[in-house]
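The values are calculated or read from the model by the stated rules, or taken from the named source; none is laboratory data. Note that the coordinates shown come from a computational prediction; the quantities given were computed from them, not determined experimentally. We place every Cβ from the backbone using ideal geometry, glycine too, and count neighbours over all the protein chains shown. Quick note on the areas: whole protein, heavy atoms, side chains included, nothing else; ligands and nucleic acids left out. Shrake-Rupley method; radii C 1.70, N 1.55, O 1.52, S 1.80 Å.
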Amino acid sequence: MRLVLLLRTLTAGLVLALGLTAGAVASPALDKVSFGTNWIAEGEHGGFFQALADGTYKKYGLDVTIVPGGPNVNNRVLLISGKLDFFMTANTLQSFDAVANNVPVVAVAAMFQKDPQVFLAHPESKVTKIEDLKPLTLYVSKEGIASYFQWLKSEYGFSGEKVKPYTFNAQPFLADKNSAMQGYVTSEPFAVEKRAGFKPTVILLADAGFNPYSTLIETRRDLVEHKQDLVQRFVDASIVGWYTYLYGDNTAGNAMIKKLNPEMTDDLLAYSVAKMKEYGIVDSGDSLRDGIGAMSDARYANFFDKMVRAGVVRRDIDFRKAYTLQFVNKGVGLDLRPENLNPKNLNPKNLQPKK
C-alpha cells in the first residue's frame, strides 16, 4: 500500500512539474522595447499610451517603456545612439533631413495622415480659405519659417513682409484682430477659446495641400534589417492602440497621460480626440483602406517635389531612403473602426495634392 501511495505521489508531482514547464513554454518572456516621444505626454500621443496602459503591447509580446520628450530632452539622439529602440518623429521633413545627413534611421509607420499644423484667425477677419491669410500679420515660429512657410511662398505666393516671430505666446495674436497665429488643431484653438472667450477660425494647412505625414514611428536601420518581427509587432500594437484611443474606451491611456503630465485636463484630452477625428488627422486618406499608419510611395514623392520647389530640401537626396512600407498597409485594426462611422473628413479625396 505504501508503495502504491508513493508511486501516486511521484506521478502527481511529475504531472505538476510538466504542467508548470508547459505553462512556462506557453508564456515566453516579453521583449523589452523603449519608445521615445518628441514632447511631454499629451493627447496627440494617445494611441501609444493607450497600447501600453491597456495591455496591447503586452499582448504582442512586448514590454514597452515610453520615454516622454520635452524642452530639454532629445530622444532622437538617444535612438541614434542605441539607447532607445523607437522614436516618434514629428513629420516627413525630419525623415528627409535624416537622409541628407546620413543618419541611419528610417520611418516605419505614419500615425497621422495629416499634419495638425493650422493658422488661427479672428472671426472678424472673415478668413475662409488659406489665401485669405495673406493680408494678415502672421505669427510663425522659426521652425515654421524654415518649413511650411516656404511652401506657402512657393505654392500660394505668400510674402515674408508681414511675418512676425511666434514665441508660443498667444497674447500678440489676441491683441491684433488683423493677425493669424500658427498652432496645432488639437490644442491652440482650445486654449484661445478658454482664454479669450471666442472661437477662432481654423485653417488646416493639410487641407490646402501641405501633405507631410506626421507623428511617425522611426527606428534604426539595423533593427529593420535584423529584428523585423520586433518592429512589426511594435507597429501593429501601436496601430491597435490608436484605434482604441480614437474609437474605444481610452480611459486607461488618458489616465497615464495625466499622471505623466498633470497639465493635461479631461476637457483638453477630449477636445484633442474630437479634433483628430473631425479633421481626419489619424484616420483618413489611405488609412481608410490600408489601416492607421498607412504610407505610400506616391505621397512621399509628391511631398518631396513640393519641398524641392519650395527650396526646403535638396533635389539630389534619395528621399526613398527615408521610409519603408514593409510594416504598414496591412489592414491591421480595421475591424476596430465603428461600422457606422462616417465623418465628413474621412474621405480619401481630402488628401489629394493641390494641382
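If you bin all the Cα-Cα distances of segment 264-348 at 10 Å, starting from zero, the percentages per bin are 15, 35, 31, 18, 2. In segment 157-227 the Cα-Cα distances spread across 10 Å bins starting at 0 as 14, 37, 26, 13, 9, 2 percent of all pairs. Since only PHE304, ILE281, LEU268 are under comparison, the one whose Cα sits farthest along the positive direction of the charge dipole of the chain, derived from C-beta charges on Lys, Arg, Asp and Glu, is PHE304.
For segment 256-349, the solvent-accessible area works out to 52 Å² per residue, with a probe of 1.4 Å and every protein chain left in place. Taken one residue at a time, the phi angles of segment 143-149 give Karplus couplings (6.51, -1.76, 1.60, θ = phi - 60°) of 5, x, 4, 7, 10, 5, 5 Hz. Gly and Pro are set to x. Simple point charges give the picture: +1 on the Cβ of Lys and Arg, -1 on the Cβ of Asp and Glu, and for segment 55-210 a dipole about the Cα centre of about 240 debye. When +1 charges are put on Lys and Arg Cβ atoms and -1 charges on Asp and Glu Cβ atoms, the dipole computed for the chain relative to its Cα centre reaches about 200 debye. Looking at the chain, send over the antiparallel percent of its DSSP beta bridges, to the nearest 5. So the antiparallel bridges in the chain amount to around 60 percent. Less than 5 angstrom separates the built amide H of ASP31 from those of LEU62, ASP63, all sequence-distant by 5 or more or on a different chain. The HN-Hα couplings worked out from phi for segment 269-280 by the Karplus form 6.51 cos²θ - 1.76 cosθ + 1.60 (θ = phi - 60°) are 5, 5, 4, 4, 5, 4, 6, 4, 6, 4, 8, x Hz, whole numbers, x standing for Gly and Pro. Couplings for segment 113-121, taken from phi via the Karplus curve 6.51 cos²θ - 1.76 cosθ + 1.60 with θ = phi - 60°, read 6, 10, 5, x, 5, 9, 10, 9, 10 Hz in order; Gly and Pro are left as x. Backbone amide hydrogens, once placed in the peptide plane, bring VAL163 within less than 5 Å of LEU138, excluding anything fewer than 5 places away on its chain. Straight-distance candidates among the aspartates and glutamates for linking to LYS32, with alpha-carbon spacing under 15 Å and chain neighbours fewer than 8 residues away dropped: ASP63, ASP85, ASP229. Surface composition of the chain: carbon plus sulfur atoms hold 54% of the accessible area, using a 1.4 angstrom probe and ignoring ligands, DNA and RNA.
From its DSSP helices (H runs of at least four residues, each -39,500 (n - 2.57)), the chain gives a residue-normalised ellipticity at 222 nm of -12000 deg cm²/dmol. Measuring between their Cα centroids, segment 175-213 and segment 69-94 lie 26 Å from each other. Among the listed values [x] 31; [y] 28; [z] 47, the one matching percent of Cα pairs over 35 Å apart as calculated from this structure is [y].
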